[in-house]
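Here's the structure, in structure tokens; my notes come after.
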Amino acid sequence: MENTTLLAHSEKEATTKSEAMLNGDLSPYQGPWGREQVIHLSRRMLFGAKLDDLNDFEQMTLPEVVDRLLQDSTPPSLPINDYNEEGYIDPDVPLGETWINAPFNNEIESSRIWSLKAWWLGNMIEQERSISEKMILFWYNHIPIAFFEVFEGNWSYRHLEILRKHALGNFKALVREISTDFGMLHYLNGQVNHKDAPDENFARELQELFCIGKGPNAGYTEGDVQAAARIMTGWRVDYEADSIVFDQYAHDIQPKTFSAFYGNRTINGGIANAGAYEIDQLIDMIFEQEECALFLCRKLYRFFVHHEIDAWTEEVIIEPLAAIFRENDYEVLPVLRTLFNSQHFFDVLRRGAVIKSPIDFIVSLYRDFNAVIPPKSALRSRFEHNGAVVYQSFLFDQDIGDPPNVAGWQAYYQVPTFDKNWITTNTLPFRMGFIDWMLWSGIGTDHSIARIDVLETVKQIPNSEDPNALIAFMLQWQYPMAVNPTLSGQLKAVLLSGQQNDFYWTNAWNDYLQQPNNPMARETVENRLKPFFYTLFQQEEYQLA
């Protein structure tokens, strides 16, 4: 019997080692480090793969690039009143001033919320070389509030700032601060959670969606939800003082006993500073469970790597990442650093393994192809432009600031479809229409037009006068895998206007470079490049990252 067990263990170990060779484990990546790998890393850690970034990253080592991207970005300027217009004026906030401390105004709050969404989108498009903005989106999907449901712009702003503060920090500290956040107290009914009628919303989501999950090893009970709800009673927003307060008279002071999943722990009430003490005890208890680290590592993996987590991935990737997470007291940086430097992350099977989310699709399009949004000084134009793009994200089914429910967007958790939820008969035509819009007319305001700049993009590409080099570069840059050679032929036919000789493109491009202000020379190359880009964007591979 003992020999049989050892043999079985040996066979399992051999299989694990074999699969690790095929799929890569968490050991440091030792393969080639070139343009393909840089693009893959950039697409996952940033929005898109800007050519300036790629050129600089190729001169660095992988650990250097990962460390650079894991640095916090500079905090953005505050959202401001950029929505005033004739006949619709915010009485409390002058044009160009921040509204984040303004009193609630039912007539104006919707404009402040749209301003916040537009501000957030601008931060993503103008992101620095840092994962910060993508991590904020990750955390927002993981612990969301719905802006329009909360319907107080400054509370939603404060929620985003908590996510920014902890984006590359401590998960446990994030959960603790979000537990008594203005927006969260309203979104999940904490404001009305009273000892005589405990509200279970936050207590349930704290365990089911934020920390433990619903997997086979999630053993918390309904009794645990009820006990946690009693711990959370009494927390309120003081509207006049604009602060969070603890109402001890609304708090349940009786002991709260939890199930065997939590070691039958009892958290006692009725002591000094009971509210904060009990929340701290509750969160400590939850984070002592191994499933907490495992659950969050699965969420990180699905967001940054791939939705599928099979038994091998759980054992070889998720469990070691969770161990790192626990060993570092739930600091997220060591987990991300290990993952992005790993053999597994750079395995060829990870490339093109995810469908771009709407935000990834939109923001990458702007960043990769020099589509410049109106500057912050152009208040109304920037608000109108960014608001129009936010509306596109809504049409694509990823309305930033207002996910479908507290679980976030289905593409990140809905088994078995996951990211396939992004592409439907409804959303795909909107994606294609947005590309048309950005290639030809652009998104216009009174003082600006944002569009894909095909000329400036191609100028950055080495040997762009050679149609073969241009096509090869674009395919490597924009597609995560090799494509059918017939597509190269299609693209070349567009550049050559149907002719057979390469010089039909070479001469046209060189003529433009020599006389960029000549309308005819410019029009000749633009009329070829826009259909060229259109053909490139219309392929299925462009939807993948």
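Summarising the amide proton neighbourhood of Trp235: residues at separation of 5 or more, or on other chains, whose placed amide H is nearer than 5 Å comprise Asp247. Computed about its Cα centre, the charge dipole of the chain is approximately 1000 debye, with only Lys, Arg, Asp and Glu carrying charge at their Cβ. Taking each residue as 0.36 nm, the span from Asp242 to Ser27 lengthens on full extension beyond its C-alpha to C-alpha distance by 72.5 nm. If one takes the longest principal axis of the Cα atoms in the chain, at what angle in degrees, from 0 to 90 and to the nearest 10, does the Cα axis of helix 153-166 lie? Tilt of helix 153-166: around 90 degrees. Here the residues Arg204, Arg382, ranked from fewest to most Cβ neighbours within 10 Å of their Cβ, fall in the order Arg204, Arg382.
Here the alpha carbons of the range 455-543 define both size measures, Rg and Dmax, at 12.6, 38 Å. Residues whose amide H falls under 5 Å from that of Ile244, counting only those 5 or more places apart or on a different chain, are Asp238, with hydrogens built in the peptide plane. Residues His194, His251 in ascending order of nearby Cβ atoms (within 10 Å, fewest first): His194, His251.
Put in line by how crowded their Cβ is, counting other Cβ atoms within 10 Å and starting with the fewest, Asp399, Asp446 read Asp446, Asp399. Among the chymotrypsin sites (Phe, Trp or Tyr not before Pro) in the range 173-270, those located in a DSSP loop and surrounded by at most 16 other Cβ atoms within 10 Å of their own Cβ are Tyr239. Placing unit charges on the Cβ atoms of the charged side chains and taking the dipole of the range 152-219 about its Cα centre, the candidate lying farthest along the positive direction among Phe202, Met184, Leu174 is Leu174.
Axis angle, to the nearest 10 degrees, between helix 485-495 and the longest C-alpha principal axis of the chain: 60 degrees. Ellipsoid fit via the Cα gyration tensor, the chain: semi-axes of 45, 33, 17 Å, each the root of five times an eigenvalue, largest first. Taking the Kirkwood radius as Rh and the Cα radius of gyration as Rg, the range 120-179 has a ratio of Rg/Rh equal to 0.96. Stokes-Einstein diffusion of the range 131-291 at 37 °C, 0.692 mPa s viscosity, Kirkwood radius from Cα pairs, rounded to a whole number: 204 µm²/s.
Relative to the dominant Cα principal axis of the chain, helix 467-478 is inclined by about 0°. Here the Karplus relation 6.51 cos²θ - 1.76 cosθ + 1.60, evaluated at θ = phi - 60°, turns the backbone of the range 324-333 into coupling constants of 4, 4, 5, 4, 9, 6, 6, 6, 7, 4 Hz, with x for every Gly and Pro.
Read-outs: derived from the displayed coordinates by stated rules, not from any lab. Not measured: the values here are computed from a predicted model. Every residue, glycine as well, gets a Cβ built from its backbone with ideal geometry; the counts of neighbours run over all protein chains shown.
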